[in-house]
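Working notes for the structure below.
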Amino acid sequence: MNLDALNKIANAMVEPGRGILAADESTATIKKRFDAIGVENTEDNRRDYRELMFRAKDAMQYVSGVILYDETIWQKAKDGAPLVKLIEQAGAIPGIKVDEGLRALAGARGDFVTCGLDGLATRLPKYREQGARFAKWRAVIDPTHGRPSYAGLIANAHALARYANLCQEFDIVPIVEPEVLMDGDNDIDATYAVTEWVLKETFQQLYYLNVALEGMVLKPNMIVPGKKAAKQASVEEVAERTIKCLKACVPSAVPGIAYLSGGQSDEEATAHLARMNEIGGFPWKMTFSYGRALQHAPQHAWAGKVENVAKAQAAFLHRARMNGLASLGKWKPDLEKQAA
Ligand code: 13P
């Protein structure tokens, strides 16, 4: 493991003014997104859609790295150029999702555990050779109805640490993503308590598995109430509670925190990140690693039509720029009116 090189990549991933595009939807997940815009889920359509983002040069200046799905890292653009090369030419770092989805964990109150450790040591060097310099593994934690169980929590934290240990062995920066879901009726206190527990246990397991914190990026949820909670929270409350929770749990050796959007609206995800960076006073960089909150607008502008590509790229540029500004604490709601 070359820790200096890992640290350099991790720092580049969270460079102020830029953040990560999570374009690593599995074939089943991108189908849901395409269904919403009436696009057939074919290999060519997936390629055309992702290609339009990677070729949007103005937008990519706000993107430090792109998380890819296995299919995409091997895919070529319409003109034959590897998609990975388009990302590199745009000045961003290619990354790869290496987990293989969820499986119910027996006897654990409905908790799931993330699969994909088997064979990972064989897959990682191939991805690196193909250009990946970082990876992602997502653990999913449901905070509703007495969850998570202790079994679910330990199994997920341990798998994250095993994955991160393997990534560093192959000089790949691990994005460690323990996601506490925001789909349920959990209030903001429940999100806080569960996130705190998950982060404490995750960093304990990372320590046990000899993971160098200087060579990783954390991708957590923000502290928001579930979508079905009786009481929603203000931007100020989310920003303050998220900073407080992370300060209590995340060692300062970690170079940066890149949040998932998790189902927040585009503008909420931007406003929360902006407010946190405006408040400041924490030891890590804070930026975005959004999937939905970056792609919802361009997907709807594109709708699978070649004549809409420029419009989709403009929508992508707008969201990337807004979030780039949020990573500097310089976003204001008025700037949203400058949308294309
Ligand atoms: P969302 O921003 O849509 O939550 O996706 C980010 C991600 O990569 C989840 O694993």
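Here are the numbers:
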read-out	value
Least to most buried among Thr72, Thr42 (fewest other Cβ within 10 Å first)	Thr42, Thr72
Segment Tyr208-Asp118, length gained on full extension (0.36 nm per residue, minus Cα span)	30.4 nm
For Cys115, Cys167, order by how many other beta-carbon atoms lie within 10 Å, fewest first	Cys115, Cys167
Residue-count net charge about Ala212 - beta-carbon cut-off 14 Å; Lys, Arg +1, Asp, Glu -1	-3
Cβ-based net charge around Lys97, under 10 Å, with every Lys or Arg adding one and every Asp or Glu removing one	-4
Per-residue [θ]222 nm for the chain (sum of -39500 (n - 2.57) over DSSP H runs n ≥ 4, rounded to 500)	-14500 deg cm²/dmol
Using a Förster distance of 22 Å, the FRET efficiency for Lys247-Leu328 (Cβ separation, nearest 0.05)	0.65
Cα gyration tensor, the chain - rounded (a/c under 1.5), prolate or oblate	rounded
Within the chain, longest stretch clear of exposed trypsin sites (Lys or Arg not before Pro) (DSSP loop, no more than 10 other Cβ within 10 Å)	79-230
Three-way shape call for region 219-340 based on the alpha-carbon gyration tensor, with the a/c threshold at 1.5	prolate
Contact order relative to length of region 98-235, as percent, for alpha carbon pairs under 8 angstrom and 6 or more apart	25 percent
Modelled FRET efficiency - R0 45 Å, Ala230 with Asp58, Cβ distances, 0.05 increments	0.60
Extension gain from Ala28 to Lys76, taking 0.36 nm per residue of separation minus the Cα-Cα distance	15.2 nm
Entries of Lys76/Lys97; Lys32/Lys285; Lys31/Lys332; Lys85/Lys311 with Cα pairs more than 26 Å apart	Lys32/Lys285; Lys31/Lys332
Residue order, fewest to most surrounding Cβ atoms within 10 angstrom, among Thr114, Thr27	Thr27, Thr114
Full-extension gain in nm, Met1 to Gln130, via 0.36 nm per residue minus C-alpha separation	44.6 nm
Mean separation of Cα contacts under 8 Å, 6 or more apart, over the residue count of the chain: relative contact order %	20 percent
Theoretical FRET efficiency, 1/(1+(r/R0)^6), r = Cβ-Cβ of Asp189 and Glu307, R0 51 Å, to 0.05	0.55
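Laboratory data are not the source of any read-out in this text; all were calculated from the coordinates shown. This one's a predicted model, so the numbers in the text were calculated from it and none came from an experiment. Counting neighbours? That spans all protein chains shown, and the Cβs are built from the backbone with ideal geometry, glycine included.
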